[in-house]
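Notes for the one structure printed next.
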Amino acid sequence: MSNEKNWKPATQLVHGATVRSQFGETSEAMYLTQGFVYDSSESAEARFKGDEPGFIYSRYANPTVDVFEKRMCALEGAEDARATASGMAAISAALLCSVKAGDHVVAARALFGSCRWVVETLMPKYGIESTLVDGCDLAQWEAAVRPNTKLFFLESPTNPTLEVVDIAAVAKIANGIGARVVVDNVFATPLQQKPLELGAHVVVYSATKHIDGQGRCLGGIILSDKKWIDENLHDYFRHTGPSLSPFNAWTLLKGLETLPIRVKQQTESAARIAGHLACHPKVSRVIYPGRNDHPQAEIIARQMTGGSTLVCFETRGGKAGAFGFQNALDIVRISNNLGDAKSLITHPATTTHKNLTEEARMELGITPGTVRLSVGLEDADDLIADLDRALETV
């Protein structure tokens, strides 16, 4: 595949890194195996020593998982990757493999609840200090730096209020002190934002979301330069076992084939819905990347090539208004997942971000009336009608 690097994303996601067996199958083969056999004892020894290429054990690497990793590398522009059993396995590995006891982490405070738990609760147990900052305020990133700061961590757009952090500017600060930048790029998808091109060092995804995109399986992936993965992630991965199953890797490969057309349709529908809700009398606030009234509209124009498949908005009537609205929906289903072919809605204050204090939620703009809508592949007219009818209850 000599022309593979010149392919556009949609072609990469169908054909990139394809490996066929002797049977010449059209779809990627699914290698549901735990281990592998060797032609000789000498071959086994050479493979374990690293002198001979080949697979050893599916906890370390697997042919189907390998195709998924290489295809994601081609899409992201990364040298290497490791796929994990879930998005949080990817986040935890990326963070823990970047620091050691005595180091300090600066993280944007607008993080998914489990990510904040890793930063605020888990890492301190291992002697790793952390400071949370307003990710949109570059002065706070600079002020938080200590002599032992080794890592910056952020997600952009953020969950659930869709704030957008200036990745290039944060990376510049990190490079000035020799720290690494880890970016959770789930909400933008690899199609609408390229953190590595903006200066980030590590990119992570919950492949459970848009990459699968059809509510079937869990998965995650970490992408970076080969040197960092070889020296920091490889042994962690080999010995702690957060590996992705071959079946899930195969499912995710099928998801990648349709990722561009799904994300394009979902983004177009989300933008239309955001515009409609912005004029609705029962909605007090709408946040959507791509609208001129977004607080970081200028940054979005520079670093993103599309909006989002998600819309954050605030219903009137607080928690009761939000609950009544969600309960009255017919097409849109209540779920904490996102990036699905089905439109899903969640109330962050009582689900994904419930473990934060009320003060912390309000600091992030998560009010009792805030809801997060993940727009699916249904007809946009039907979704707007469903939202309008449900909003009548508020």
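The values are calculated or read from the model by the stated rules, or taken from the named source; none is laboratory data. Please read these numbers as outputs of a predicted model, since none were measured by experiment. Positions of Cβ are backbone-derived with ideal geometry, glycine not excepted, and every protein chain shown enters the neighbour counts. All accessible areas refer to the heavy atoms of the entire protein, side chains included, with ligands and DNA or RNA removed. Shrake-Rupley method; radii C 1.70, N 1.55, O 1.52, S 1.80 Å.
Values as computed for the structure displayed
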read-out: For V283, solvent-accessible area (1.4 Å; no DNA, RNA or ligand), Å²; value: 10
read-out: Mean separation of Cα contacts under 8 Å (6+ apart) over length of segment 46-128, as relative contact order %; value: 19
read-out: Kirkwood-type radius of segment 271-394, with distances r between different C-alpha atoms, in Å; value: 14.7
read-out: Beta bridge orientation in the chain: antiparallel %, DSSP, nearest 5; value: 55
read-out: Ellipsoid equivalent to the chain - semi-axes via the Cα gyration tensor, in Å; value: 36, 26, 18
read-out: Prolate/oblate/rounded call for segment 1-96, Cα gyration tensor, a/c under 1.5 rounded; value: oblate
read-out: Separation of the E25 and D137 label points, Cα + 7 Å toward Cβ, nm; value: 5.4
read-out: Solvent-accessible area per residue, Å², over the chain with all protein chains present [probe radius 1.4 Å]; value: 43
read-out: Per-residue HN-Hα couplings for segment 334-343 [Karplus 6.51, -1.76, 1.60; θ = phi - 60°; Hz; x = Gly/Pro]; value: 7, 6, 8, 7, 7, x, 8, 5, 8, 6
read-out: Contact order normalised by residue count of the chain, Cα under 8 Å, 6+ apart, percent; value: 17
read-out: For segment 251-332: rounded, prolate or oblate by the Cα gyration tensor [a/c cutoff 1.5]; value: oblate
read-out: Loop-located trypsin sites (Lys or Arg not before Pro) in segment 20-63, at most 11 other Cβ atoms within 10 Å (DSSP); value: R20
read-out: Heavy-atom accessible surface of the chain: percent carbon and sulfur, 1.4 Å; value: 52
read-out: Using a Förster distance of 25 Å, the FRET efficiency for E257-E231 (Cβ separation, nearest 0.05); value: 0.15
read-out: In nm, spacing of pseudo-spin labels at S284 and A320 (7 Å Cα→C-beta vector); value: 1.4
read-out: Contour excess over end-to-end distance, with Cα ends at T393 and L122 and 0.36 nm allotted per residue; value: 93.4 nm
read-out: Gyration tensor (alpha-carbon) shape descriptor, segment 265-305, a/c threshold 1.5; value: oblate
read-out: Label point distance in nm, A44-R302, each placed 7 Å from Cα along Cα→Cβ; value: 5.7
read-out: Long pairs among K209/K264; K125/K354; K8/K70; K70/K226; K100/K194; K150/K354, criterion Cα-Cα beyond 19 Å; value: K125/K354; K100/K194; K150/K354
read-out: Exposed GluC sites (Glu not before Pro) absent: longest stretch of the chain, with sites in DSSP loops and at most 12 other Cβ within 10 Å deemed exposed; value: 198-391
read-out: With at most 12 neighbouring Cβ atoms within 10 Å, loop chymotrypsin sites (Phe, Trp or Tyr not before Pro) (DSSP) excluded, longest segment of the chain; value: 127-394
read-out: Whole-number D in µm²/s for segment 335-394 (Stokes-Einstein; Kirkwood sum over Cα pairs; 20 °C, 1.002 mPa s); value: 168
read-out: Within the chain, helix-based [θ] at 222 nm, where runs of 4 or more DSSP H residues each add -39,500 (n - 2.57), nearest 500; value: -10500 deg cm²/dmol
read-out: Whole-Hz ³J(HN,Hα) from phi, Karplus 6.51 cos²θ - 1.76 cosθ + 1.60, for segment 65-72, glycine and proline x; value: 5, 4, 5, 4, 4, 5, 5, 5
read-out: Solvent accessible area, Å² - V14, 1.4 Å probe, full protein context; value: 50
